[in-house]
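Read the structure below first, then the notes.
FYI, it's all coordinate maths here, none of it is from the lab. Source: prediction; values computed, not measured. As a convention, Cβ positions derive from the backbone with ideal geometry for all residues, glycine included, and neighbour counts pool all protein chains shown.
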Amino acid sequence: MNQVQAKPTPKAPPAAVRRSLEGVGSGLLHFILNATEQIMVPIQRRIGVQRMAYVFVLPNLLIFGVFILLPMLLNFYYAFTGGTNLFPQDRPFVGFDNFQRLFTCQDFFQPNTCLEDRFARSMVNTAVFVTSQVALVVLISLITALALNRKIVARGLFRSVFFYPVLLSPVVVALIWKWILQQDGLLNALIVSLGGDRVSFLTSGDWARFWVVIISVWSTMGFYTLILLAGLQSIPAELYEASSIDGASAWTAFRRITMPLLMPTMMVVLVLSVIRAVQIFDVVFAFTGGGPGTATLYLVQYIYNTAFTNLTNLYGLASAASVVLAFFLVVFTLLQLRLGGTTSDVADA
């Protein structure tokens with residue numbers, strides 16, 4: 001009978017080869033350390049040990065200045081210039097004309113009466129979206145965090161499941177939901193199989209707005225759930241034990257213990273969710289493109305379209321709109337932080 005021959009196990013690399021690789025690695029590391037020392041030692045002798053911290057921070061400051069601070073300053077300058085030329089030296093100064101054009105309206109809540117009607121419509125759409133999306137995402141994240149904070153079966157698995165959509169690219173999220181909701185998509189196939197008629201989820205303005213909110217909540221709630229869960233776990237368990245001894249109900253413990261101590265974390269979640277909701281762009285751009293019509297046209301996409309996709313590139317008008325967006329974000333964030341500080345003081349008292 002033929003004997004089955006076992007496959008030969010791969011041999012480990014010879015000791016000489018291993019020593020050679022280790023020598024190359026250690027030699028490269030030694031070279032890098034020596035080169036760094038040759039640069040840093042003279043600098044340290046010149047400026048002193050205490051000032052060396054600025055040397056290590058300098059690369060990050062340069063990156064911040066070139067890629068964040070400089071574009072912000074250029075954007076602010078462009079907001080007061082006109083024309084279609086790209087370079088600053090070729091753009092005439094027009095003062096507040098761009099801002100005046102944005103806010104010239106008979107009734108701002110009726111965008112058709114505005115000189116720049118798409119800006120007014122995007123502002124109204126953004127306000128409605130932020131209000132509904134933030135309310136839903138904070139409420140659902142809080143309920144989910146409370147559930148995951150309890151001793152339930154497979155709690156670790158559920159935490160991973162809820163956080164998974166956060167790891168997906170916004171474009172991937174949009175394409176997945178677009179595949180589900182299109183005319184021949186999965187959801188319509190299910191509706192038809194149950195005897196219903198196809199629903200135009202992507203060509204109806206109301207349905208498009210509804211699904212943009214749902215998709216945004218689904219893709220971001222895991223992040224806020226983890227933040228709230230961390231806040232819940234920082235509350236001492238002794239407080240709940242003392243309240244149960246005093247005969248307090250679960251609702252009373254939630255109202256008198258959980259919410260006051262969780263309020264600083266709630267304010268962080270509220271600020272982050274508002275900023276993220278106001279800046280929504282990529283999901284909507286890949287999902288509806290701002291349509292149908294201008295039903296899902298939000299402020300950031302208006303800025304993008306005005307600067308880059310229109311027949312005339314109105315960089316000044318787009319920059320003015322972005323300055324307006326930044327102003328409202330700063331004011332709203334300061335108000336929230338002020339209210340959060342007041343709430344924390346009341347809770348501490």
### Query
Summing -39500 (n - 2.57) over the DSSP H runs of n ≥ 4 in the chain and dividing by its residue number, what mean residue ellipticity at 222 nm do you reach, to the nearest 500 deg cm²/dmol?
-22000 deg cm²/dmol
### Query
Excluding Ala321 itself, what net charge comes from residues whose Cβ is under 12 Å from its Cβ, given Lys and Arg +1 and Asp and Glu -1?
+1
### Task
Translational diffusion coefficient, Stokes-Einstein: compute it for region 196-349 using the Kirkwood radius over C-alpha pairs as Rh, at 20 °C and 1.002 mPa s, and state it as an integer in µm² s⁻¹.
114
## Note on the structure
Semi-axes in Å, largest first, for region 25-78 (Cα gyration tensor, √(5λ)) are 33, 17, 7
### Message
Using the Cα centre of the chain as origin and beta-carbon charges of +1 (Lys, Arg) and -1 (Asp, Glu), tell me which of Leu272, Val66, Phe87 is placed farthest towards the positive end of the dipole.
### Response
Val66
### Query
Taking square-rooted eigenvalues a ≥ b ≥ c of the alpha carbon gyration tensor, is the chain rounded, prolate or oblate, where a/c under 1.5 means rounded and, failing that, a/b exceeding b/c means prolate?
rounded
### Query
Hey, rough spin-label estimate for Val172 and Glu37, points 7 angstrom out along Cα→Cβ, what's it come to in nanometres?
4.5
### Task
In whole angstrom, note down how far apart the Cα centers of region 31-93 and region 181-237 are.
42
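Please label the shape of region 154-263 as rounded, prolate or oblate, based on the square roots a ≥ b ≥ c of the eigenvalues of the alpha-carbon gyration tensor (a/c under 1.5 means rounded; beyond that, a/b larger than b/c means prolate, else oblate).
prolate
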